[in-house]
Every structure is written in structure tokens, then in C-alpha cells.
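A.B. asks: Supplied in C-alpha cells, the structure appears directly below.
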Amino acid sequence: AVFNPDLKARLENQIWNGQHPQGLAALIRARAPLADFRETHAELQATLKEVAGVLGTEVAPAAVATNAGIIVFREGLEAVLILAALMGSLRRGDAVRLRRPMWLGAAGAFAATAVTWVIMQGALSLLGRYGEKLEAVVSVIAIGVLLLIMNWFFHQVYWTDRMASFQKHKHELAHGPQARTAARAQWWGLAVLGFTSIYREGFETVLFLQSLVLQAGAGAVLGGTAAGLVAVLGVGAAVFRYQARLPMKKLLIQTGGLICAVLAVMVGNTVHTLQLVGWLPVHPLPLDLPAWMGLWFGLHGTWEGVVLQVASVVAVIGSFYAAEALKERELRAKRGAAAIPS
């Protein structure tokens, strides 16, 4: 996954559910003839020799540092997009204060990532065994919280007219016990969202970097990691600065698109991880997808992944249009009530 994503995808296809040639798992499931097994076995042996050559090659520290920097930048860029998408709608009035718990959650995720690095260095073999399962659990939590918070966005932040109708109750609600309980739950929900969204990227990055550490030691990897972090911070500053100058309507459209895109990638990668650990069934598509589609878009060539990605995007778009329809219905009801003579 670190040194040659295309080779990793080819190996997975040959072992599991590839089509050209068919993967071993697919052949076993179909009770295929022996000739088909021999064809796949020959291809698999050739691929394994290629893998051994890649993993057995001595790598210069500069190359390792470059690879580490690329990995950190790629995962960090996704984290920046997540924060930009989620915080872009929190710029209006009282909603601005809701950025703080998300920043705190993100900072906690950064600290947890550093702790994970230390733990993995001390117990690499143990965590390496359960790494994908832990990543799967964190991913499912992140997706669940993200869906809940997006639903809240569409019903509270995007609905500016509906929010305005409750302003007259603001003082009373702000001092009541229900308001304090709801605000506390909201604060923790946003903090958990910031943490899980970023820690998923941090955990995956640390997991990838461990193989580089085994190749060339921690020094070169940490140097590349530092360079990647500097690049991520620079891009992040530019993204948030540009975002702050956008008109609100345009900002809402763009952040909504970002949320959909990030959610689709998260769902695709999470489904792939759940399938790798055996927690979801696998029904392959009738074609092999290139590795870069899985790397950048979370598309891994199974019906489960594609269907759940589409379903997640439809759920987000459907929630938005349902919110808009309810708002229009409320406005029509108000106009009808105002038109009735007293």
C-alpha cells in the first residue's frame, strides 16, 4: 500500500475477487475447474515475486522521507477538506461558537495520533495484527457521527428562515435546563465529530508509516512527516482563508458538495476495510477498477462499496431537499394564515 498501490491492488484481486484472472476466493466460491485455478496460481506466483522484489529492495533515506511526506500530505489534505466542509456552515451568528468544540476535537485527534505513533513503536506486532479492525471501528463511528451532524446542519444552519422564527424564544431557552442539556450534548457531538473524522486519517497515516520505519528507521520517516505536515498546514491556511471570503450561498453549496464527496470516500474505504477483516460480504463488480480510484475516491470494485457510497450521497442530498420542502411548506402555511381575514 505504501510503496506500490497498483501492485497491492493487483495482489488483492488475485487472492480475492478479481476478474482477469479470477481471484482465488471467487474461484473457490464458484467451484471452478482446475485449469482456472492453475491460471490464477501462475499469475499470483508472478505477482508475489514482484512484491518480494519491491519489499526486499534497499531504500535510500531520501526516498523514504519523500514517501512519508506524500502519505502525510495526502491524508492531511483529506482531513483539511473534512474540517472545511463541516465548519464552512458555522459562520453565522451563534453558530460560530460551535466551531470551538470541533477544533478541540481535531486537536485531540492530533494528540491521539501522536500517542498512537508511540504505542505502535512499542507494540508494533500486536497493533499490526488488529490494525485494520481498529481502523474499521473508528471509520464506522466517524461516518455515523458525520451523518447525524449533517442532518443537524440541514435542519438548523441551512434553514436561516426557520432559525429566525425562533429568535424570540432565544433568551428563555438559553437559560432553561433543557437548553443547557441540549447545548452540552451538541458540544460533545461536535467534539466527537472533529475527533473521529481526523483521527481516522491520523490512524491510517501512522499505520502506513510503520512499514516505512521498518524499511529505513524512524529518523527519515519523521523528517518526511514534518515536511508533509508543513505542506498540509500551508494548504489548510489557504483553504480556510479563501473559504472565509466566499458568499454565504456559494459557501453552503460548496461545503455541501465537499461533505458529500468526503462522505462517499469515507464510506467506500470503510466498506473495503470491513470486507478485508471479514465483517461484510464481498460481491465483486464485473470489471477491475484501477488502484488510483480506490486511493483517491474509495472505489474498490465491489457492489457493497458502490451501493453504499451511492446510498450515502442520496441520503445527504435527500435530507437537504426534505429540509427545503418542509421549509417551503411552513412558509406556505404562514402565508395562508396571514391571508385569512380576522
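A.B. asks: Would you pick out the residues in the stretch 8-31 that are at pLDDT below 85 and part of a helix (DSSP H, G or I)?
C.D. replies: Listed by number, the residues that qualify are K8, A9.
A.B. asks: Right, here's the next one. Filter the stretch 276-290 for residues that are within 22 Å of the chain's Cα centre (by Cα) and exposed (fewer than 15 other Cβ atoms within 10 Å of the Cβ); which is nearest to A30 (Cα to Cα)?
C.D. replies: The selected residue is P281.
A.B. asks: Now a separate question. From the residues in the stretch 189-242 that are of a type in the set (F, W, Y) and modelled with pLDDT under 80, which one is nearest to the chain's Cα centre (by Cα)? Walk me through how you get there before you give the answer.
C.D. replies: Initial filter on the stretch 189-242 (of a type in the set (F, W, Y)): 195, 199, 203, 208, 240, 242.
In the following step, the residues that additionally are modelled with pLDDT under 80 were identified as 208, 240, 242.
On the way: F208: 16, F240: 19, Y242: 22 Å.
Ranking the candidates gives F208 first.
A.B. asks: To continue, here is another question. So which of A62, A42 is in a helix (DSSP H, G or I), surrounded by fewer than 14 Cβ atoms within 10 Å (Cβ to Cβ) and without any contact (Cβ under 8 Å) to a residue 40 or more places away in the chain?
C.D. replies: A42 is the lone residue from the list that is in a helix (DSSP H, G or I), surrounded by fewer than 14 Cβ atoms within 10 Å (Cβ to Cβ) and without any contact (Cβ under 8 Å) to a residue 40 or more places away in the chain.
A.B. asks: Can you pull out the residues in the stretch 274-294 that are part of a helix (DSSP H, G or I), farther than 22 Å from V314 by Cα and modelled with pLDDT of 80 or more?
C.D. replies: Passing the criteria: only Q275.
A.B. asks: Shifting gears a bit: Just one of the numbered conditions (1) modelled with pLDDT of 70 or more; (2) closer than 28 Å to N13 by Cβ; (3) of a type outside the set (S, T, N, Q) is not true of G128; which one?
C.D. replies: (1)
A.B. asks: If you go through the stretch 295-315, how many residues are at pLDDT 80 or above and either in a helix (DSSP H, G or I) or over 23 Å from A26 (Cβ atoms) (or both)?
C.D. replies: So the count comes out to 14.
The values are calculated or read from the model by the stated rules, or taken from the named source; none is laboratory data. Since the structure is predicted, the reported quantities are computational estimates derived from the model, not experimental observations. Don't worry about glycine lacking a Cβ; one is built from the backbone with ideal geometry, like all the others, and counts go over all protein chains shown.
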